[in-house]
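The values are calculated or read from the model by the stated rules, or taken from the named source; none is laboratory data. Since the structure is predicted, the reported quantities are computational estimates derived from the model, not experimental observations. Methodologically, a virtual Cβ is constructed for each residue, glycine included, from the backbone with ideal geometry; neighbour enumeration extends over all protein chains shown. Surface areas here come from the heavy atoms of the whole protein model, side chains and all, with no ligands, DNA or RNA. Shrake-Rupley method; radii C 1.70, N 1.55, O 1.52, S 1.80 Å.
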Amino acid sequence: LPPEQHREVVSAALRRPLRHGRGPLLLYILDVLELPDPVLPQLPALLSPDVPAAGLLVVGNKVDLLPADSPGHLGRLRQRVAMACTQAGLHRALLVDVRLVSAKTGFGLEGLVSRLQRSWKCAGDVYLLGATNSGKSTLFNTLLRSDYCKSRAPDIVDRATVSPWPGTTLNLLKFPIINPTCDRIFRRQERLKEEATKTEDQLSSEEKKYLNHLKKQGYLVGEVGRTFQQQKPSPVFEFDPDMLSYSIDEDPRHSSGKHEKREEFTYNEVKDARWCFDTPGIVKENCVLNLLTEKEVKLVLPTHAIVPRTFILKPGMVLFLAALGRVDYLQGEKPAWFTVVASNLLPVHVSTLSNADAIYEKHAGQELLKVPMGGEERMKEFPPLVPQDITLKGIGTTEAVADIKLSSAGWVAVTAPAEEKLLLRAYTPKGTALVVREPPLLPYISTIKGSRIAGTAAYRTKKPPSMVENLKTTMRR
C-alpha cells in the first residue's frame, strides 16, 4: 500500500480496543541492504499517542546476502540498524531490541523466537510491519513453522503470499502465538542444546541436502526446528471401487459425494489466543523497483549471496550498473577501487568517459546492460538518468570511504588512498533516490577481492564460505 493508505489501515488495526489489557508489540522488518531505510522515519507518525503500542522490535533481515568483509561485521551491522532507529526518532523507551536475521535461510530465527518468548511472552498481539520486498511475509511463514506458533496452526493457517512483485501480501493473515510456559521453554532449550552438539556429518541425507542448498544461496545459514509437534493420527484409506475402475480413454472422476473436511481451530484454542498478524507491505517512494516490470524486478532483487565485484578505475573512467546506475570518476590524482554490491544477475560495464553516453544510448534496453529490457520501445518510457556530483576524500587502501547507493539497484563502495580527493558524478533514473552512505555498510569489502585480471580494470571474484550458526563445526584438513 502507498504510505498514506498503509498508515490508515495499520493505525485502524492498532487502535482497536486493547485485548488482554495491553497494546500490541510491533515487529518491524527492515532490509539491511536498504539502509538508510526509507520507511523507518514513517513509524513515529504511525505510533501517534492514540496508538497504544507496547513496544517495537526492529529486525534487520537479509544478512545472508552480505559477505563478511571483516571479523565482527554482524556487530557493526547491528549498530548501524540501531543508529538508523535513533535517527528516525524512535525512542529508546519504545525500542525493545534490534535483531539480525535471514528469514530465508533461518539464520538468527531461533534467537529471535527466544527473545520474543523471553521479553514479550504471550502478553498481547504482535504485528509484522515492513516495506515491500523486506522479507516480511517470508518471516511470517518461517515463524508459522517455529516454536513461536501453536503446534496445530501450520496445518490450518494459510501461508502468506511471497512474491518479488511489491505489495503482494493480499490479506491480514494471522496465526496464534504459543504460550511459552516454563515447561515449554525448558523443553525448547533442551532441543536447542542437543541440536548445537550435532555436526553436519550427523545430519540425515535430506537435512544435508537442504543445508547445502541454503549454503549455496546465503553466507549465513541456520535451522528453524520445532519442539512441539501436533500428533497426527494414522491415516485411514478408503477405496471407492467405482472411482478406481475407469476405461483407458477417460479421466478418473473424483466422487462428488465426499468432501475433504478442512481442519479448524476449536473454540478453546482461540478464545484467549494472542495473534501474530502479517500486514500489507509499505510501498517505498522514489524507488527504482517502482519503474520496473516483474521480470526486471526478479533480476534486480538479489536472491542468492552477493559476490562483490571490484574494479580499479582511473580518472576519466565510468562504471555502469546495468542501465539503472552510473558512476563517473571525473577528477583525482590516483586510481581508486570501486566495489559493486548488487544482484549477481545485474551486469557491470566499465568504459571511458568519452564513450559512456554512446554506450548507454546504444545498449540501454539491450543485453549488454540487460535491465531495463525491451529495446528502444522500453527505453522511450523509461526516465532518463539524472546526475549528482559527489566529493569524497579517501581514508586508506583497505577501507572504503563511502557507499554510493543507486536506489534499490545496489551500491558502489569507493576505496581510495588516504587524503586522496575524488570528484565523482553518479546517476540514477529520474525520480529515484541516490544516497551517499557514510560510513559505508561494509567498509572493508574491497579486501576480499581476488587477483587482478590482466588487461582489464576488474579483479577476479571469489565467494566467501558460508557459516552455519547452530551446528557444531568440525575442523577439516
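Key figures
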quantity	calculated
Size of electric dipole in the range 326-448: Cβ of Lys, Arg +1 and of Asp, Glu -1, about Cα centre, debye, nearest 20	140 debye
Cβ-derived FRET efficiency at R0 60 Å, THR197 paired with LYS421, nearest 0.05	0.65
Note, ³J(HN,Hα) from phi for the range 432-437, Karplus 6.51, -1.76, 1.60, rounded to Hz, x at Gly and Pro	10, 8, 10, 10, 9, 9
Value of Rg/Rh across the range 291-467 [Cα atoms, Kirkwood radius]	0.95
Accessible-area composition of the range 291-467, carbon plus sulfur, in percent [1.4 Å probe]	53 percent
Per residue accessible area in Å² of the range 291-467, where ligands, DNA and RNA are left out and the probe is 1.4 Å	43 Å²
Protection proxy ranking of 278-287, 75-84, 449-458 - average other beta-carbon atoms within 10 Å, highest first	278-287, 75-84, 449-458
Residues GLN189 and HIS213, FRET efficiency given R0 of 22 Å [Cβ-Cβ distance, rounded to 0.05]	0.20
